[in-house]
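Worksheet: one structure, shown below.
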Amino acid sequence: MNGTSEIDVCLGLDVGKGEHHGTALTPAGKKVFGKPLPSNEPRLRELFTKLQAKHGTVLVVVDQPASIGALPLAVARDAGCRVAYLPGLTTRRIADLYPGEAKTDARDAAIIADAARTMPHTLRDLAPNDETIAELGMTVGFDDDLAGEVTRTKNRLRGLLTQVHPSLERVLGSRLDHPAVLVLLERYGSPAQLRKAGRRRLVSLLRPKAPRMAERLVEDIFAALDEQTVAFPGTDAAALIVPSLTGSLRSVLDQRKILATKIEELLEAHPLSQVLISMPGIGVRTAARILIDVGDGSNFKTAGHPAAYAGLAPVTRRSGSSIRGEHPSRRGNKQLKRAFYLAAFASLSQPDSRAYYEKKRREGKHHVAAIVCLARRRIDVLFAMLRDGTFCDPAPTAAA
């Protein structure tokens with residue numbers, strides 16, 4: 001964060017559900033406030049107003065900007081204070097520099113305030129989000145939760161199928177998100193039920209959802225059923241659990257489809273959406289994630305800053321003569337890093353991206369490392385696009 005020399009008071013808030021603990025320090029380190037605060041607007045506004053009237057410009061720093069930290073940040077902005085965010089992991093690392101091992105709200109608030117005063121480079125700006133970005137954040141966050149639920153349910157289903165019939169799992173396990181397979185397992189949850197239904201009935205059931213795949217899938221199912229004649233313990237219980245899990249999976253997948261439509265509508269309402277989507281490999285969900293975490297890029301000085309924030313900037317490690325070189329960072333915003341990585345992978349069909357990827361492969365990098373290098377290089381282009389509001393046009397470069 002820049003411009004902290006203009007701050008007259010740094011107010012650190014260790015936010016909580018029922019109350020927050022605040023500690024305010026002057027640039028010289030003098031404590032001018034330190035006590036718990038109820039989590040309500042009138043009391044927060046009163047504190048911010050008093051600090052500004054007595055000392056001048058106030059910087060409010062929290063360790064959690066969303067959820068329980070949203071109210072103090074909103075009130076601080078409305079009261080004319082500057083706001084910033086000190087990441088929780090950074091707070092814990094800075095806490096090791098201070099004496100004592102106690103973990104209290106008062107100590108955490110004092111550490112946040114002192115870090116804002118003495119180490120402003122550790123802070124992150126919190127630009128006020130517009131309504132579209134705020135809605136995108138909530139919707140994409142819910143979609144991420146549903147995506148995790150999809151993964152957990154599919155893994156549970158594959159585990160059950162493997163437990164009772166490994167050959168059947170090899171046929172259906174990789175197709176659990178296909179509507180035809182969902183209908184099949186919701187109706188017939190065990191190998192015995194599938195065999196009893198017969199080929200003709202299964203083909204009739206699957207054909208509306210998979211016209212071209214129905215007959216081939218049924219043949220694969222019966223070929224798998226013929227590979228195993230013994231029944232494993234727990235097969236009867238699986239016949240009850242598999243349809244239930246399949247119904248839950250189908251419900252979550254339907255919710256994600258509805259959310260995808262909503263995310264697309266919100267994205268179209270943002271002026272930078274078309275700029276982002278013009279870049280090869282960036283789709284609706286990836287563009288939404290970039291808008292939420294990077295915005296228009298104005299909070300970053302250079303392209304290296306969003307790359308470091310996402311954990312895509314290489315880290316140099318040198319120690320004597322035994323440790324030398326650059327290694328991938330293990331820090332950063334994991335969701336943003338994943339979005340940049342998947343976008344880079346999806347762009348391999350584009351000539352420039354493919355050429356750069358092949359170049360890194362020839363240099364001896366393995367597949368994942370080459371994709372990370374490509375993602376880092378694409379951030380340079382993306383940063384310039386956001387800064388200038390220009391669209392990506394890879395055709396001239398490819399022609400050259």
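Provide a single number: the residues in segment 273-324 that are loosely packed, with under 15 Cβ neighbours inside 10 Å, at pLDDT 80 or above and basic (Lys, Arg).
1
Of the residues 294, 284, only one is under 23 Å from residue 378 (Cα atoms) and in contact (Cβ under 8 Å) with a residue 60 or more places away in the chain; which?
Working: 284 fails: in contact (Cβ under 8 Å) with a residue 60 or more places away in the chain.
Of 294, 284, the one residue that is under 23 Å from residue 378 (Cα atoms) and in contact (Cβ under 8 Å) with a residue 60 or more places away in the chain is 294.
Between a first residue in segment 96-115 that is assigned to a helix (DSSP H, G or I) and a second residue that is of a type in the set (Asp, Glu), which pairs have beta carbons less than 8 Å apart while being 6 or more apart in sequence or on different chains?
Pairs found: 105/14; 106/14; 108/14; 108/63; 109/14; 112/14; 112/63.
Being surrounded by 12 or more Cβ atoms within 10 Å (Cβ to Cβ), under 36 Å from the mean Cα position of the chain (by Cα) and in a loop (DSSP other than H, G, I, E, B) is the filter here; which residues of segment 206-234 pass it?
Within segment 206-234, 209, 210, 213 qualify.
Working carefully through the options 362, 387, 378, find the one that is out of contact with any Leu (no Cβ under 9 Å at 6 or more places or on another chain), crowded, with 18+ Cβ neighbours inside 10 Å and modelled with pLDDT of 85 or more.
378
Quick one: which residue in 253, 312, 240, 266 is of a type in the set (A, V, I, L, M, F, W, C) and in a loop (DSSP other than H, G, I, E, B)?
Just a single option satisfies the conditions, and that option is 312.
Yes or no: residue 88 within 18 Å of the chain's Cα centre (by Cα), touching a residue at least 24 places away in the same chain (Cβ under 8 Å) and surrounded by fewer than 15 Cβ atoms within 10 Å (Cβ to Cβ)?
Details: within 18 Å of the chain's Cα centre (by Cα): yes; touching a residue at least 24 places away in the same chain (Cβ under 8 Å): yes; surrounded by fewer than 15 Cβ atoms within 10 Å (Cβ to Cβ): yes.
The answer is yes for residue 88.
If you go through segment 6-26 one residue at a time, do you hit one that is within 19 Å of residue 110 (Cβ to Cβ), free of Cβ contacts under 8 Å to residues at least 12 places away in the same chain and surrounded by fewer than 24 Cβ atoms within 10 Å (Cβ to Cβ)?
No, every residue in segment 6-26 fails to be within 19 Å of residue 110 (Cβ to Cβ), free of Cβ contacts under 8 Å to residues at least 12 places away in the same chain and surrounded by fewer than 24 Cβ atoms within 10 Å (Cβ to Cβ).
Taking segment 142-166 as the region of interest, how many residues are among the polar types (S, T, N, Q), touching a Leu at 6+ places or on another chain (Cβ under 8 Å) and at pLDDT below 95?
Count: 0.
The values are calculated or read from the model by the stated rules, or taken from the named source; none is laboratory data. These numbers come from a predicted model, not from an experiment. Don't worry about glycine lacking a Cβ; one is built from the backbone with ideal geometry, like all the others, and counts go over all protein chains shown.
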